[in-house]
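Q: Here it is: the structure, laid out below.
The values are calculated or read from the model by the stated rules, or taken from the named source; none is laboratory data. Keep in mind it's a predicted model, so treat the numbers as computed, not measured. Cβ sites come from the backbone with ideal geometry, for glycine too, and all protein chains shown count toward neighbours. The protein model used for the area step is the full one, side chains on, heavy atoms only, and it has no ligands, DNA or RNA in it. Shrake-Rupley method; radii C 1.70, N 1.55, O 1.52, S 1.80 Å.
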Amino acid sequence: PEDAFSNRRTMVYVVVVKRSVVEAAEKLVNGAGLVLRSVDIAELSLCNLMPRDGDESKGTALVLLQGGEGVLNIIKDKMLYLTRNVKVDPEKMRGEELLSNATFNYLVLEVQRSLDYYESGLAQPPAVRLLVAPMGDNQTVLCDALNASFGLRVLPLDLASVLPGSVSYTHLRAH
């Protein structure tokens, strides 16, 4: 976004993919009887999961952790201001007090560094919340520990609120 570079050089994100990868995905979708409308990348797709709750005009950090790695985005007004890959395995943040867990502390450091850059490097007001994408039964514990580590609201991302017809993980656990 243009307001991220006031009086600084403009930077852009670039995505490169082999045509054969896109063509294989298109073939798979068409073979399933669906119509491919667009091809997107995970970092930008996560922007579409932001809740429409009045806080869209304020900075929101979104963390998705899965399979030994994760993505950290900072989004404002449905625009991606910052994205970072973080090498954090959520499975290494189980079974012990998170505040003394090395993997958790690395995640906190990476989130804090990203929030600091968003504020100072991109000249933005402080983010108001951190959303954690669904990650199973450890999500509540992780949100609580992150909430204790930051001066902003840490909340689980409720996919049911942004994807019509989906069911939240919490709802599934209750049944």
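Q: Among Leu49, Leu142, Leu36, determine the one that fluctuates most according to a GNM of the chain built with springs between C-alpha atoms less than 10 Å apart.
A: Of Leu49, Leu142, Leu36, the Gaussian network model singles out Leu36 as fluctuating most.
Q: Could you compute the net charge surrounding Asp55? Neighbours are other residues with a C-beta less than 14 Å from the C-beta of Asp55; K and R count +1, D and E count -1.
A: +2
Q: If you don't mind, another one. If Rh is defined by the Kirkwood formula over all Cα pairs and Rg also comes from Cα, what ratio Rg/Rh do you get for segment 82-125?
A: So for segment 82-125, dividing Rg by the Kirkwood Rh gives 1.09.
Q: Taking the Cα centre of the chain as origin and charging only Cβ (+1 Lys, Arg; -1 Asp, Glu), how large is the dipole, in debye to the nearest 20?
A: In total the dipole reaches around 380 debye.
Q: At 7 Å along the Cα-to-beta-carbon direction for both Val12 and Val128, put a label point, then send me their distance in nm to one decimal.
A: Taking the simple label geometry, Val12 and Val128 are separated by 3.2 nm.
Q: What number, in percent, do you get for the relative contact order of the chain if the mean sequence gap of Cα pairs under 8 Å and at least 6 apart is divided by its residue count?
A: The value is 19 percent.
Q: With every atom except the alpha carbons ignored, what do you get for Rg and Dmax of the chain, in angstroms?
A: Using the Cα atoms of the chain, the pair Rg, Dmax is 17.5, 54 Å.
Q: Rounded to the nearest whole Å², what accessible area per residue is found for segment 79-160 with the 1.4 Å probe?
A: Ligands and nucleic acids excluded, the figure is 47 Å² per residue.
Q: Continuing with this model, one more query. I'd like the Kirkwood hydrodynamic radius of segment 13-70, using the inverse of the mean 1/r over distinct C-alpha pairs, in Å.
A: About 14.3 Å for segment 13-70.
Q: Work out from phi, with θ = phi - 60° and the Karplus expression 6.51 cos²θ - 1.76 cosθ + 1.60, the ³J(HN,Hα) of each residue of segment 100-107, listed in order in whole Hz, and give x for Gly and Pro.
A: 10, 8, 4, 5, 4, 5, 5, 4
Q: Would you calculate the convex hull of the Cα atoms in segment 52-101 and tell me its volume per residue in Å³?
A: About 108 Å³ per residue, rounded to a whole number.
Q: Follow-up question, since we're still on this one. Quick one: work out the % antiparallel among DSSP beta bridges in the chain, nearest 5.
A: Here the antiparallel bridges make up roughly 65 percent for the chain.
Q: Still on this structure: Skip the ligands, DNA and RNA, and give the accessible area per residue of segment 1-75 with a 1.4 Å probe, whole Å².
A: Heavy-atom SASA per residue in segment 1-75 reads 71 Å².
Q: For the chain, which whole-number percentage of the solvent-accessible area (1.4 Å probe, protein heavy atoms only) is attributable to carbon and sulfur atoms?
A: Roughly 54 percent, rounded to a whole number.
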